[in-house]
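This report concerns only the one structure given below.
The values are calculated or read from the model by the stated rules, or taken from the named source; none is laboratory data. Note that the structure is a prediction, hence the values are computed from the model and not measured. Note that each Cβ is placed from the backbone with ideal geometry, even for glycine, and that neighbours are counted across all protein chains shown.
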Amino acid sequence: MSFLRSAVGENIRQFLWNLILITTGSCICALAVNGILIPRKFVSSGVTGIALIFHYILPYLPVSVLYLLFNVPLFALGWKYVSRRFFIYSIIGTAVFSAAVEWIVIPIQVQDPLLCSLLAGIIMGMGVGIILRSAGSSGGTDIISVMVQTRFSIRLGYTVLAFNSIVLAASAILFSLEIALYTLIYIYVSSHILDLVVTGLSQRKSVMIISKSQGDIIIKILRELNRGVTVIKGQGGYSGEPEDIIYTVIAFRDLASMKRLINKIDPHAFVVFSDTAEVMGYRIGNQPHW
């Protein structure tokens, strides 16, 4: 335990919390793999999908063992491009995930293939999302996804969806187009659930406000929403008159309060709300934990 503590640079409580997230998410993922994907002969995303393809061709090779073997080259990428803490937690996550797939076998009594693909996507997206809320991953394409998000700010779900085109093509060629299409539905749903679980209500909104009552609006934002404000000097394109633009970043949960605040002070204010891919900074930022 002391070695792990020094390696990840965290205290015991944080380590245990990350371990709980990884274990919980892995068990949820195993429920989807053994309860839906394998009985329906569906293919999964990333390394899990590759392991399932090999398992269907060579049934005597367990999915858990194949998953461990295919993760070896990806760990080299994790060591080189992502933090050492993420690398160590990902090794733990891969081991836990493989054990969960090996031991947790709970049948799910859903027969319709479309419903199976939707349910599997929801369950798998939740599981992977919970794992990625920790300081590590379950290995596989999670390592590539985190590396791409860290370096290029591309959302996790988009990377997973793009990477899996190869898996889909392989399943269509080796099995059937129908299986590939059901797998596509499953992957699409799981990628969106993954983004929802990882970002959740921590998704940030950037706000730009042009108003004649900017002083009152600024005071309300500072005092009631407790958010920082930046005033940007601008100029009207038509009038040529100087215009001050209020710029701030708020949490998704503050969106309704912000609208009420602005509408109460100046119903004619020009307001733009924009989604943010990622925000880093004091208090409001989505601090990277990988």
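Per-structure values
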{"quantity": "Odd one out for residue 183 among (1) crowded, with 16+ Cβ neighbours inside 10 Å; (2) touching a strand residue (DSSP E or B) at 6+ places or on another chain (Cβ under 6 Å); (3) in contact (Cβ under 8 Å) with a residue 40 or more places away in the chain", "calculated": "(2)"}
{"quantity": "Given (1) farther than 30 Å from residue 133 by Cβ; (2) touching a Phe, Trp or Tyr at 6+ places or on another chain (Cβ under 9 Å), index of the condition residue 204 fails", "calculated": "(1)"}
{"quantity": "Residue in segment 140-158 that is assigned to a helix (DSSP H, G or I) and modelled with pLDDT of 75 or more present", "calculated": "no"}
{"quantity": "Residue within segment 165-172 that is modelled with pLDDT of 90 or more, assigned by TED's automatic domain parsing to the domain that holds residue 19, in contact with a helix residue (DSSP H, G or I) (Cβ under 7 Å, 6 or more places away or on another chain) and of a type in the set (S, T, N, Q) present", "calculated": "no"}
{"quantity": "Positions within segment 239-267 being at pLDDT 85 or above and part of a loop (DSSP other than H, G, I, E, B), in sequence order", "calculated": "266, 267"}
{"quantity": "Number of the condition not met by residue 236 [criteria: (1) at pLDDT 90 or above; (2) exposed (fewer than 14 other Cβ atoms within 10 Å of the Cβ)]", "calculated": "(1)"}
{"quantity": "Selection from segment 211-226 of residues that are surrounded by fewer than 18 Cβ atoms within 10 Å (Cβ to Cβ) and not in a helix (DSSP H, G or I)", "calculated": "212, 213, 226"}
{"quantity": "Top-ranked residue of segment 41-74 - restricted to ones that are hydrophobic (A, V, I, L, M, F, W, C) and outside any helix (DSSP H, G or I), ranked as nearest to residue 168 (Cα to Cα)", "calculated": "43"}
{"quantity": "Condition broken by residue 86, with the remaining ones in (1) in a loop (DSSP other than H, G, I, E, B); (2) modelled with pLDDT under 80; (3) not small (Gly, Ala, Ser) satisfied", "calculated": "(1)"}
